[in-house]
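Colleague: Sharing a structure below in C-alpha cells format, with a few things to ask.
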Amino acid sequence: MAQSYSARSRAIEPFHVMALLARANELQASGHDVIHLEIGEPDFTTAAPIVEAGQAALAAGHTRYTAARGLPALREAIAGFYQQRYGLDIDPQRILITPGGSGALLLASSLLVDPGKHWLLADPGYPCNRHFLRLVEGGAQLVPVGPEVNYQLTADLVERYWDQDTVGALVASPANPTGTVLDRTELAGLSAATRAHNGHLVVDEIYHGLTYGMDAASVLEVDDDAFVLNSFSKYFGMTGWRLGGGGAPPAAVGDLEKLAQNLYISAPSMAQQAALACFEPQTLAILEERRAEFGRRRDFLLPALRELGFRIAVEPQGAFYLYADISAFGGDAFAFCQHFLETEHVAFTPGLDFGRYQAGHHVRFAYTQSLPRLEQAVERIARGLRSWQG
Ligand SMILES: Cc1ncc(COP(=O)(O)O)c(C=O)c1O
C-alpha cells in the first residue's frame, strides 16, 4: 500500500526521538518518574495576560478568519517591537502572521524553491527545514559544521558549497540543536555571499529573546532583502497557539499573501488576538523573568555535563539546548539515549534527529525543566554513565 502514497511523503523521516518518547510515555504510565530533556518547548504555560486576552477574544466572538497577512494591529505591534528591541523601522506591510514559524517556513520554501533547486543548510540543524524543501520538490544541501565555525554556515562555506542549483541559504540564530548565535558581522557576511550569487538569505529567528547575557542581532539590521522566520512559540511561550510570522522584502509580500490564502487562509484569529497582549510591559516582564530562568538553567547544566565528560565545545548563547559530543563514553548516540531512558528514566534526543554529520556521537539536552529537576537529571546521568558500556 505504501506505493500508493507520494514519493515526497515517503522521503520525509519521522523524528527519531518519537520512538524514545513513546517508550518514555510507557515507562511513565507504569509509574516511573521520567525526566524529559528531549522536549523542544518551554515548560512554562502561556503567560497569564496572553491567556486572558485569548479568553476575552473568544468571548467577544473572534472566531473567524482574519486577513491572510494577519491582523493589522498585530503586524503593527510586531513592527513596534522591532523598533523597541532592535531600533529598526520595519514597515508593518512587510510582516505576515503565519500558523507558527512552521507556516512561515512553508511560505518561504514555496516562494523561493523550484523543483530541483536547493538551499544550503547547516548540519546539524532543525530537521523540518530539509523536509519542507523536499515537499516543494526542492532539496537541502547539508553543509557539515562543527565547533570551529560555531556550528553555523559562514560566508566561506556558502561560497564553497554554492553550485548551479543553489538558490539560497537558511540559517538559524540562535540555532537548534546547538544554541549558537550569529553576530551582525557574520550575518552581513552571509548576506553578501548569497547576494553575490543572486540567491536568497533566509534567517530563522524564532529563538530570538531567548539569549543569555546578550541580545541576538536580526538579519534585518544588515540586509533589507532577507527573509525572516519568526514565532510566538518560544520566547512568547505560545507553542500550542500555533502562531508565528515572517518578514519579507516588500516585493515578495503579494506573492506570499497569495500562497497564504491558498495554503491556510489565515493564522488562528483567537491566537492573534491573544498575541496582542505579548507586547504589554507586564507580559514582557514575565517573559524576561522566564528568560533569566532559562539562563540560570543553562549556567547550571552546561558545567555539570562538562564535568561528567560530555564535550560541549561551544558555549551556547541562546535557545534552550545543549548539543553534546559523547565520544568520551563510546558507543552510538541512539543506544546511549535508550540506555539512559531504560535505566535512569532520563530522556534526551539522539543526534540523528538533526542531520548526519557526526550524528552518531552527539545528543541534545533541552533545559526545559526546572532547576531541581535538572539537578536530579544530572545525578541520574552520573549514575547511568557508570553502567553504560559503550
Ligand atoms: C529552529 C526551529 N525553527 C522552527 C521551529 C518551528 O516552530 P513553530 O512552528 O512552533 O514556530 C522550531 C521548533 O522547534 C525550531 O526549533
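Colleague: I'd like to verify a number: residues in the range 273-301 that are assigned to a helix (DSSP H, G or I) and either under 12 Å from residue 320 (Cα atoms) or not hydrophobic (A, V, I, L, M, F, W, C) (or both), how many?
Modeller: Pass one, the range 273-301, residues assigned to a helix (DSSP H, G or I): 273-279, 281-301.
Within this subset, residues satisfying the condition of being either under 12 Å from residue 320 (Cα atoms) or not hydrophobic (A, V, I, L, M, F, W, C) (or both) are 273, 281-283, 288-299, 301.
So the count comes out to 17.
Colleague: Here's something else I'd like to know. Inspect the range 23-33 for any residue being crowded, with 16+ Cβ neighbours inside 10 Å, touching a residue at least 40 places away in the same chain (Cβ under 8 Å) and within 15 Å of the ligand (Cβ to nearest atom) and give the result as yes or no.
Modeller: Looking through the range 23-33, none of the residues is crowded, with 16+ Cβ neighbours inside 10 Å, touching a residue at least 40 places away in the same chain (Cβ under 8 Å) and within 15 Å of the ligand (Cβ to nearest atom).
Colleague: I've got another one for you. Within the range 84-141, how many residues turn out to be in contact (Cβ under 8 Å) with a residue 60 or more places away in the chain and of a type in the set (Lys, Arg)?
Modeller: 3
Colleague: Determine, yes or no, whether residue 279 is more than 16 Å from the ligand (Cβ to nearest atom) and within 22 Å of residue 174 (Cα to Cα).
Modeller: Working: more than 16 Å from the ligand (Cβ to nearest atom): yes; within 22 Å of residue 174 (Cα to Cα): yes.
Yes; evaluated as a whole, the condition is true for this residue.
Colleague: Then there's this: Looking only at the range 224-262, count how many residues are in a helix (DSSP H, G or I) and either more than 14 Å from the ligand (Cβ to nearest atom) or surrounded by 24 or more Cβ atoms within 10 Å (Cβ to Cβ) (or both). Give the steps one after another, and end with the answer.
Modeller: Restricting attention to the range 224-262, the residues satisfying the condition of being in a helix (DSSP H, G or I) are 239-241, 250-262.
Going one step further and asking which of them are either more than 14 Å from the ligand (Cβ to nearest atom) or surrounded by 24 or more Cβ atoms within 10 Å (Cβ to Cβ) (or both), we end up with 250-262.
Number satisfying all stated conditions: 13.
Colleague: Is it the case, given these coordinates, that residue 135 is closer than 30 Å to residue 7 by Cα, more than 11 Å from the ligand (Cβ to nearest atom), crowded, with 24+ Cβ neighbours inside 10 Å and of a type in the set (A, V, I, L, M, F, W, C)? Lay out the reasoning, then the answer.
Modeller: Values: closer than 30 Å to residue 7 by Cα: yes; more than 11 Å from the ligand (Cβ to nearest atom): yes; crowded, with 24+ Cβ neighbours inside 10 Å: no; of a type in the set (A, V, I, L, M, F, W, C): yes.
No: the conditions fail for residue 135.
Colleague: Right, another one. For a quick check of your reading of the model, give me the residue pairs whose first member lies in the range 186-205 and is touching a residue at least 12 places away in the same chain (Cβ under 8 Å), whose second is β-branched (Val, Ile, Thr) and not in a loop (DSSP other than H, G, I, E, B), with beta-carbon atoms closer than 6 Å and at least 6 apart or on different chains.
Modeller: These pairs meet every condition: 187/219; 193/158; 199/167; 201/194; 203/171; 203/219; 203/228; 205/228.
Colleague: Next up: When residue 315 is evaluated against the numbered criteria (1) farther than 17 Å from residue 174 by Cβ; (2) not in a helix (DSSP H, G or I); (3) not hydrophobic (A, V, I, L, M, F, W, C), which criterion, by number, is the only one it fails?
Modeller: (1)
Colleague: Name the residue, out of 179, 138, that is small (Gly, Ala, Ser), on the phi > 0 side of the Ramachandran plot and in contact with a strand residue (DSSP E or B) (Cβ under 6 Å, 6 or more places away or on another chain). Spell out the reasoning first.
Modeller: On the way: 138 fails: on the phi > 0 side of the Ramachandran plot.
Unique residue meeting the criteria: 179.
Colleague: Could I ask something else about it? Any residue at all in the range 325-333 that is out of contact with any Lys or Arg (no Cβ under 9 Å at 6 or more places or on another chain) and closer than 26 Å to residue 121 by Cα?
Modeller: Of the range 325-333, the ones out of contact with any Lys or Arg (no Cβ under 9 Å at 6 or more places or on another chain) are 329-333.
Among the residues that remain, those that are also closer than 26 Å to residue 121 by Cα are: 332-333.
Checking the range 325-333: at least one residue is out of contact with any Lys or Arg (no Cβ under 9 Å at 6 or more places or on another chain) and closer than 26 Å to residue 121 by Cα.
Colleague: Tell me, please, whether a residue that is loosely packed, with under 15 Cβ neighbours inside 10 Å and farther than 28 Å from residue 14 by Cβ can be found in the range 316-338.
Modeller: Yes.
Colleague: Further question: Going by the conditions given, is residue 116 out of contact with any helix residue (DSSP H, G or I) (no Cβ under 9 Å at 6 or more places or on another chain), over 18 Å from residue 242 (Cβ atoms) and of a type outside the set (A, V, I, L, M)? Write out each step before concluding.
Modeller: Values: out of contact with any helix residue (DSSP H, G or I) (no Cβ under 9 Å at 6 or more places or on another chain): yes; over 18 Å from residue 242 (Cβ atoms): yes; of a type outside the set (A, V, I, L, M): yes.
So residue 116 fits the description; yes.
Colleague: When the residues of the range 43-60 are filtered to those that are hydrophobic (A, V, I, L, M, F, W, C) and assigned to a helix (DSSP H, G or I), which remaining residue is nearest to residue 278 (Cα to Cα)?
Modeller: Taking the candidates together, the pick is 50.
Colleague: Same structure, new question: Enumerate the pairs (first residue in the range 276-299 and at pLDDT 95 or above; second residue anywhere and among the charged types (D, E, K, R)) with beta-carbon separation below 9 Å, excluding pairs fewer than 6 apart on the same chain, so at least 6 apart or on different chains.
Modeller: 277/52; 298/315
Colleague: Go through (1) of a type in the set (A, V, I, L, M, F, W, C); (2) surrounded by fewer than 12 Cβ atoms within 10 Å (Cβ to Cβ); (3) within 16 Å of the ligand (Cβ to nearest atom) for residue 15 and report which single condition fails.
Modeller: (2)
Yes/no per residue for (1) at pLDDT below 95; (2) within 16 Å of the ligand (Cβ to nearest atom); (3) more than 19 Å from residue 287 (Cβ to Cβ):
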{"position": "73", "(1), (2), (3)": "no, no, yes"}
{"position": "76", "(1), (2), (3)": "no, no, yes"}
{"position": "93", "(1), (2), (3)": "no, no, yes"}
{"position": "100", "(1), (2), (3)": "no, yes, no"}
{"position": "107", "(1), (2), (3)": "no, yes, yes"}
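Colleague: So which residues in the range 1-42 are modelled with pLDDT of 90 or more, under 28 Å from residue 178 (Cβ atoms), charged (D, E, K, R) and not in a helix (DSSP H, G or I)?
Modeller: 38, 41
The values are calculated or read from the model by the stated rules, or taken from the named source; none is laboratory data. Predicted model only: the values in this text are computed from it and were never measured. When we count neighbours, we look across all protein chains shown, and the Cβ atoms used for this are built from the backbone with ideal geometry, even at glycine.
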